[in-house]
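Trainee: Mind looking over this structure? Questions follow.
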Amino acid sequence: MNYDHLKHAVVMDAETLKSLMHDYGQEVCNYAYLICRSRSMAEDISQDVFLRAYRQFASFRGEASVKTWLLRITRNLSYNYRNSAFFRRALLLDRIVPRGNHRSAEEAFLDEEATNEVWRRVFSLPAKYSEILLLHARLQLSIEEIASLLGIPEGTAKSRLFGARQKLSRLLEEEDVNEQFI
């Protein structure tokens, strides 16, 4: 859906909110998960992102795309959640008493193996590199949008993306070499 009409709107209607959640909900949740590393926390953050977007729609100035605006809200909320004492307690509780359905060891193994090996390597990189690769490759933001979202100059975004690609390439090459000797 094209959201250009939002640049001039003062309030968001329920249909637009529903459409935003449909179009960007998974990307918002994935980005929150990248930062927090907790699926339940990412889901909570996603709900908060859309609630905040709805309530504070007047803060959308249209300088960036709606997607970039939502991802900026996601980033800010995710770091706030991650740094809060509540988050640390919730993670500790998840480790002591796992939530949700209990899967068999075989199911867990198959799920783990089914995930994309490249993305596992991306997430093993330092946060500034994994974040920029996710924003560029997975969420398909432009360098300009990434720079705006992260609050860095475009040149820094370009060089960080270049560095992230180099580090990822080295990681994948090392893995290939190690597998040859096993």
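The values are calculated or read from the model by the stated rules, or taken from the named source; none is laboratory data. These numbers come from a predicted model, not from an experiment. Neighbour counts are summed over all protein chains in view; Cβ atoms, including those assigned to glycine, are modelled from backbone coordinates with ideal geometry. Note: accessible area is taken over every heavy atom of the protein model, side chains too, but ligands, DNA and RNA are not part of it. Shrake-Rupley method; radii C 1.70, N 1.55, O 1.52, S 1.80 Å.
Trainee: Step by step: first the residues of the range 10-64, then only those that are small (Gly, Ala, Ser) and more than 15 Å from the chain's Cα centre (by Cα), then the one that is surrounded by the fewest Cβ atoms within 10 Å (Cβ to Cβ). Which residue is that?
Mentor: The qualifying residue surrounded by the fewest Cβ atoms within 10 Å (Cβ to Cβ) is ALA14.
Trainee: Scan (1) at pLDDT 65 or above; (2) within 21 Å of the chain's Cα centre (by Cα); (3) more than 30 Å from PHE60 (Cα to Cα); (4) open to solvent by less than 70 Å² (accessible area, probe 1.4 Å) for the single condition LEU150 breaks and write down its number.
Mentor: Every listed condition holds for LEU150 apart from (3).
Trainee: OK, next. Kindly list the number of the only condition in (1) in contact with a helix residue (DSSP H, G or I) (Cβ under 8 Å, 6 or more places away or on another chain); (2) closer than 16 Å to LEU150 by Cβ that fails for MET12.
Mentor: Evaluating MET12 over (1) in contact with a helix residue (DSSP H, G or I) (Cβ under 8 Å, 6 or more places away or on another chain); (2) closer than 16 Å to LEU150 by Cβ leaves (2) as the failure.
Trainee: Tell me which residues, restricted to the range 54-80, are among the aromatic types (Phe, Trp, Tyr) and assigned to a helix (DSSP H, G or I).
Mentor: Result: TYR54, PHE57, TRP69, TYR79.
Trainee: On to the next question. Across the range 113-147, which residue is modelled with the lowest pLDDT among those that are outside any helix (DSSP H, G or I) and of a type outside the set (Gly, Ala, Ser)? Give the steps one after another, and end with the answer.
Mentor: Kept after step one, since they are outside any helix (DSSP H, G or I), are these residues of the range 113-147: 115-116, 125-126, 139-142.
Those left that are additionally of a type outside the set (Gly, Ala, Ser): 115-116, 125-126, 139-141.
On the way: THR115: 41, ASN116: 51, LEU125: 88, PRO126: 91, LEU139: 85, GLN140: 84, LEU141: 89.
Here the residue is THR115.
Trainee: Follow-up. Hey, can you tell me all the residues within the range 157-171 that are exposed (fewer than 14 other Cβ atoms within 10 Å of the Cβ) and not charged (D, E, K, R)? Can you show your working first?
Mentor: From the range 157-171, those exposed (fewer than 14 other Cβ atoms within 10 Å of the Cβ) are 159, 162, 166, 169-170; that's our starting set.
Hits for the range 157-171 are SER159, PHE162, GLN166, SER169.
Trainee: Exactly one of (1) in contact with a helix residue (DSSP H, G or I) (Cβ under 7 Å, 6 or more places away or on another chain); (2) modelled with pLDDT of 90 or more; (3) surrounded by fewer than 20 Cβ atoms within 10 Å (Cβ to Cβ) is unmet by PHE87. Its number?
Mentor: (2)
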